[in-house]
Amino acid sequence: MTFEQARAKLSEAGQEHLLRYYDELNEEQKEKLLCQIEQLDMELPGMVEHGVAEAERGKLAPLGAVTLEEIAEKRESYEKLGIQAIQSCKIGAVLLAGGQGTRLGLEGPKGMLNIGVNKEIFLFERLIGNLMEVVEKTGAWIPLFIMTSEKNNDDTVSFFKEKNYFGYDPRYVFFFVQQMAPSVSYEGKFYMEEKYKVSTSPNGNGGWFISLVRAGLLDKVRELGVEWLNVFAVDNVLQKIADPVFVGAVLEHGCVCGAKVVAKADPHEKVGVLCLEDGKPSIVEYYEMTDEIIHSRDESGKLLYNYGVILNYLFQVDTLVKIVDQNLPLHVVEKKIPYINEDGEYVKPEQPNGYKFETLVLDMIHMMDNCLSFEVERDREFAPIKNATGVDSLESARNLMKKNGISF
Ligand code: UTP
């Protein structure tokens, strides 16, 4: 794209400020900026112009879960089936590690966070340790695909190398980089993060499969014979990965996907609830539910919308391939966005100052014909580190590690 074309595209959208520093740039920087402007989606700022509104929900209905009691009864048969699938290399794992951990205020990859007290223990190390338990039990390596972003890929890859993959076999570890999306101010103006660069941030965890495909890794998935992918978050220190019981349950129930869920701590807990929307599985946020729905109970008094997701899903690869071209809803998320101000100075805001655009893995569930809701014990499997203090913090995660006899 030429300078004139870029100027025309921007002025039509009221975004000419992106060329403010153009004259100060060297040739390479000019080219980079023009290339980025060419790819900019000018529809995005429009999404925030009239306030941020999420799409309307369809008709909701409850979706039960395979409960802890039922799982206890069928544990052996589920586990046997799961172990067989793992031993036949049908199960792969996908670590979502492209996020920025802005709530924690981290600079580098979240997985490099040292969660230890008496010894060094990194989040990545804990996750690999958890996966190794399954490798030891089954005698089979589980292919691990790690999604990073442009912002943290180099640090993540070097860290794994430096730490010898925490004992994992590097032949079964595959990195891929997710896509980015531009960020805008509250007024819908694109931010710049350098004089030659529009500010971008990872475009949410919903793009994990398309990014894996674009990275050419679907060929690897096929070559290895992987038929199912277990997708999980980087920040849950109790995360069970490629859990044979979960895998076996999804297979036995003949579902195309499964989601680990926990019973809500109270009706108003701020979690996404797995239920049915217009007859298909769907994850609905607490703020999208009416009070009536939140409090509705069955004859025994149990909440009908009781199961919250913990970002641990099992997807059938063939089904993912079928939906890969479908668009996921775009969410507008308020964030702290570092930027270059009018005087050309770099500003790192203390408070949110605009929006970024994300698609979410949880929205993929609504594209599935069915989903096994699989209950797990919260205190045994869910200890995410999201916030600096309080709920879902390093402190709460350490308390739960202690409760589970994990030394740190
Ligand atoms: P979160 O929604 O907690 O986002 O991610 P985050 O970026 O880690 O943290 P905040 O919101 O900025 O504080 C849930 C999981 O999805 C991954 C994260 O790495 C985490 O494992 N994720 C998130 C991505 O892989 N890419 C993204 O663009 C966003």
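The values are calculated or read from the model by the stated rules, or taken from the named source; none is laboratory data. These numbers come from a predicted model, not from an experiment. All Cβ positions, even for glycine, are placed from backbone atoms using ideal geometry, and neighbour counts span all protein chains on display. Keep in mind that these areas ignore ligands, DNA and RNA; they rest on the heavy atoms of the full protein, side chains included. Shrake-Rupley method; radii C 1.70, N 1.55, O 1.52, S 1.80 Å.
A few remarks follow.
- Only one of the numbered conditions (1) closer than 22 Å to residue 392 by Cα; (2) in contact with a Phe, Trp or Tyr (Cβ under 9 Å, 6 or more places away or on another chain); (3) not aliphatic (A, V, I, L, M) is violated by residue 351, and that is (2).
- Leading residue by the ranking (most open to solvent (accessible area, probe 1.4 Å)) among those in the stretch 132-155 that are touching a Lys or Arg at 6+ places or on another chain (Cβ under 9 Å) and within 27 Å of residue 402 (Cα to Cα): 133
- Among residues that are surrounded by fewer than 22 Cβ atoms within 10 Å (Cβ to Cβ), within 16 Å of the ligand (Cβ to nearest atom) and either closer than 22 Å to residue 321 by Cα or not basic (Lys, Arg) (or both), residue 241 is not included.
- Given (1) crowded, with 17+ Cβ neighbours inside 10 Å; (2) touching a Phe, Trp or Tyr at 6+ places or on another chain (Cβ under 8 Å); (3) among the polar types (S, T, N, Q), number of the condition residue 306 does not satisfy: (2)
- Pairs where the first residue, in the stretch 20-40, is under 9 Å from residue 196 (Cβ atoms) and open to solvent by 30 Å² or more (accessible area, probe 1.4 Å) and the second is of a type in the set (Ser, Thr, Tyr) and not in a helix (DSSP H, G or I), C-beta under 7 Å, 6+ apart: 29/196; 32/196
- Filtering the stretch 286-335 to residues that are touching a helix residue (DSSP H, G or I) at 6+ places or on another chain (Cβ under 8 Å), assigned to a helix (DSSP H, G or I) and among the hydroxyl-bearing types (Ser, Thr, Tyr) leaves only 286.
- Residue ID - farthest from the ligand (Cβ to nearest atom), chosen from residues in the stretch 217-232 that are open to solvent by 10 Å² or more (accessible area, probe 1.4 Å) and outside any helix (DSSP H, G or I): 225
- Options 81, 44: the member that is modelled with pLDDT under 95 and either open to solvent by less than 40 Å² (accessible area, probe 1.4 Å) or part of a helix (DSSP H, G or I) (or both): 44
- Residue ID - farthest from the chain's Cα centre (by Cα), chosen from residues in the stretch 335-390 that are within 14 Å of the ligand (Cβ to nearest atom), among the basic types (Lys, Arg) and surrounded by fewer than 21 Cβ atoms within 10 Å (Cβ to Cβ): 336
- As for the stretch 148-155, it holds at least one residue that is closer than 30 Å to residue 197 by Cα, charged (D, E, K, R) and within 16 Å of the chain's Cα centre (by Cα).
- Residue 75 basic (Lys, Arg), in contact (Cβ under 8 Å) with a residue 60 or more places away in the chain and either closer than 17 Å to residue 240 by Cβ or part of a loop (DSSP other than H, G, I, E, B) (or both): yes
- Complete set of residues in the stretch 166-185 that are in contact with a helix residue (DSSP H, G or I) (Cβ under 7 Å, 6 or more places away or on another chain) and either part of a strand (DSSP E or B) or open to solvent by 20 Å² or more (accessible area, probe 1.4 Å) (or both): 166, 167, 173, 174, 175, 176, 177, 179, 184
- You will find that of 111, 98, the residue that is in a loop (DSSP other than H, G, I, E, B) and either farther than 28 Å from residue 245 by Cβ or within 15 Å of the ligand (Cβ to nearest atom) (or both) is 98 and no other.
- Residues of the stretch 186-212 that are closer than 27 Å to residue 225 by Cβ, within 12 Å of the ligand (Cβ to nearest atom) and open to solvent by 30 Å² or more (accessible area, probe 1.4 Å): 205 alone.
- Residue tally, condition touching a residue at least 60 places away in the same chain (Cβ under 8 Å), surrounded by fewer than 19 Cβ atoms within 10 Å (Cβ to Cβ) and closer than 17 Å to residue 386 by Cα, over the stretch 114-131: 1
- Count of residues meeting criterion [open to solvent by less than 50 Å² (accessible area, probe 1.4 Å) and not in a helix (DSSP H, G or I)] in the stretch 1-16: 3
- Test: residue 170 is within 11 Å of the ligand (Cβ to nearest atom) and either in contact with a Lys or Arg (Cβ under 6 Å, 6 or more places away or on another chain) or not polar (S, T, N, Q) (or both): no
- Cβ-Cβ distances below 9 Å connect the following pairs, each with a first residue in the stretch 216-237 that is on the phi > 0 side of the Ramachandran plot, a second residue that is open to solvent by 10 Å² or more (accessible area, probe 1.4 Å), and a separation of six or more residues or different chains: 225/88; 225/89; 225/90.
- Test: residue in the stretch 201-208 that is hydrophobic (A, V, I, L, M, F, W, C) and within 22 Å of residue 366 (Cα to Cα): yes
- Test: residue in the stretch 393-405 that is part of a loop (DSSP other than H, G, I, E, B) and buried (at least 16 other Cβ atoms within 10 Å of the Cβ): no
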